[in-house]
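Trainee: One structure, pasted below without further comment.
What follows is calculated from the coordinates using simple rules that are stated; it is not laboratory data. A quick note: this is a predicted structure, and the numbers were derived from the prediction, not measured. FYI the Cβ positions are ideal-geometry reconstructions off the backbone, even for glycines, and counts take in every protein chain you see.
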Amino acid sequence: MTVATLDHPSPTPLSRPLDELDRMPAEELLAWASEEFGDRLCLTCSWQKQSSVLVHMIAELARTPAVVELDTHLFFRESYDTRDRLVERYGLELVRPHIPSIAEQHRHEGPNLWERDPDRCCHVRKVEPLISALEPYDAWISGIRRDQSPSRAGITKVQWSERYRLWKLHPLADWDEKRVWGYIVANDIPYNPLHDVGYRSIGCIPCTRPTASGEEERAGRWAGSDKLECGLHLESVDKE
Ligand code: SF4
């Protein structure tokens, strides 16, 4: 089997065509990825509902991919509790990249950077740590879905990332919120209880509020600003 590595200037062929991979159900895609990439496959988790689904699915695989936690130190207590319950249930060993403490960030960037320049804050607390965390891997599984926002509408289940120099896998690309919840309930998977009190999308405390009825799923993220994404899933590289 030939796979892309960080040293390769461009992706090398996969064992299956991309259009075939795009038609695969989530579980089948994950089983293929586990065979294709072996130990060079990872899943990132932020302890929202998609994390619950994917952690459950990868636990069924013969070779469990590494689970990377991007802990910004600004998660809700409920998110940390959810992490702990998933770790206990599935016996996860988390990979935790270094992320500067809040005090360090205040020292270097000034206080409350998230209020003054949230793009820069996300870059320091999420994008840079992710770039370093992904170094050992050839493929990265993420829980993003096409229906979450216009910027995610065009994602495919397997796509090459020039920015990160690896394959990005989106097994839940064609799922909607209802299907996510159906899977969690049917399999009795621990999930973030903030979802029960109006938080349909959950990130850092300063940048997350519950959504009102009729609002879009991610309307509670960076509300009141035109920011829509933390930058992890964008291909452009800025704020460096
Ligand atoms: S979501 Fe907010 S607090 Fe978290 S890294 Fe981004 S700007 Fe900073």
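Trainee: Which FRET efficiency value, to the nearest 0.05, do you get for E20 and L234 by plugging their Cβ-Cβ distance into 1/(1 + (r/R0)^6) with R0 = 30 Å?
Mentor: Numbers: r = 27 Å, r/R0 = 0.89.
With R0 = 30 Å, the Cβ-Cβ based efficiency is 0.65.
Trainee: Another question, if that's okay. Does a label point 7 Å from the Cα of E177, set along Cα-to-beta-carbon, have any residues of segment 138-155 with amide nitrogen under 19 Å, and which are they?
Mentor: What the label zone holds, given the 19 Å backbone N cut-off, is 143-154.
Trainee: Using θ = phi - 60° and the Karplus relation 6.51 cos²θ - 1.76 cosθ + 1.60, list the HN-Hα couplings for segment 153-168 in order, rounded to whole Hz, with x at every Gly or Pro.
Mentor: Running phi through 6.51 cos²θ - 1.76 cosθ + 1.60 with θ = phi - 60° gives 4, x, 5, 10, 6, 9, 8, 7, 9, 5, 4, 9, 6, 8, 7, 9 Hz.
Trainee: Per-residue HN-Hα couplings for segment 67-74, Karplus 6.51 cos²θ - 1.76 cosθ + 1.60 at θ = phi - 60°, whole Hz, x for Gly and Pro?
Mentor: Computed from phi, the couplings for segment 67-74 are 10, 9, 9, 9, 8, 6, 6, 10 Hz.
Trainee: May I ask you to list the GluC sites (Glu not before Pro) in segment 52-139 that are in a DSSP loop and have at most 14 other Cβ atoms within 10 Å of their Cβ?
Mentor: Details: sites: E60, E69, E78, E88, E93, E104, E109, E115; in loops: E60, E93.
Listed in order of number, the matching sites are E60, E93.
Trainee: Give the lysines reachable from K157 as a straight Cα distance under 18 Å; neighbours fewer than 8 places away on the same chain don't count.
Mentor: K168
Trainee: Straight-line reach from K227: which aspartates and glutamates have Cα under 19 Å away, leaving out those fewer than 8 places along the same chain?
Mentor: K227 reaches E115, D117, D119, E128, D147, E215, E216, E217, E235, D238, E240.
Trainee: So what is the 222 nm mean residue ellipticity for the chain from helices alone, if each DSSP H run of at least 4 adds -39500 (n - 2.57) and you divide by all residues, rounding to the nearest 500 deg cm²/dmol? Present the calculation step by step, with values, prior to reporting the outcome.
Mentor: On the way: 9 runs with 76 residues, N = 240.
The helix-only estimate for the chain comes to -8500 deg cm²/dmol at 222 nm.
Trainee: Taking amide H positions as placed 1.01 Å from N in the peptide plane, with prolines and chain starts having none, which residues 5 or more places from T44, or on another chain, fall under 5 Å of its amide H?
Mentor: Those qualifying (amide H under 5 Å, at least 5 residues apart or on another chain) are V68, I141.
Trainee: Could you identify which residue out of D22, D188, D147 has the top mean-square fluctuation in a GNM of the chain using Cα springs shorter than 10 Å?
Mentor: Looking only at D22, D188, D147, the biggest GNM fluctuation is shown by D188.
Trainee: Which whole-number percent of Cα pairs in segment 1-144 have a distance greater than 22 Å? Walk me through the numbers on the way to the answer.
Mentor: Working: 4814 of 10296 pairs.
Pairs farther apart than 22 Å: 47 percent.
Trainee: Let me ask something additional. Give me the percent of DSSP beta bridges within segment 18-207 that run antiparallel, rounded to the nearest 5. Intermediate values should be presented prior to the final figure.
Mentor: Details: 5 of 17 bridges.
Around 30 percent of the beta bridges assigned by DSSP in segment 18-207 are antiparallel ones.
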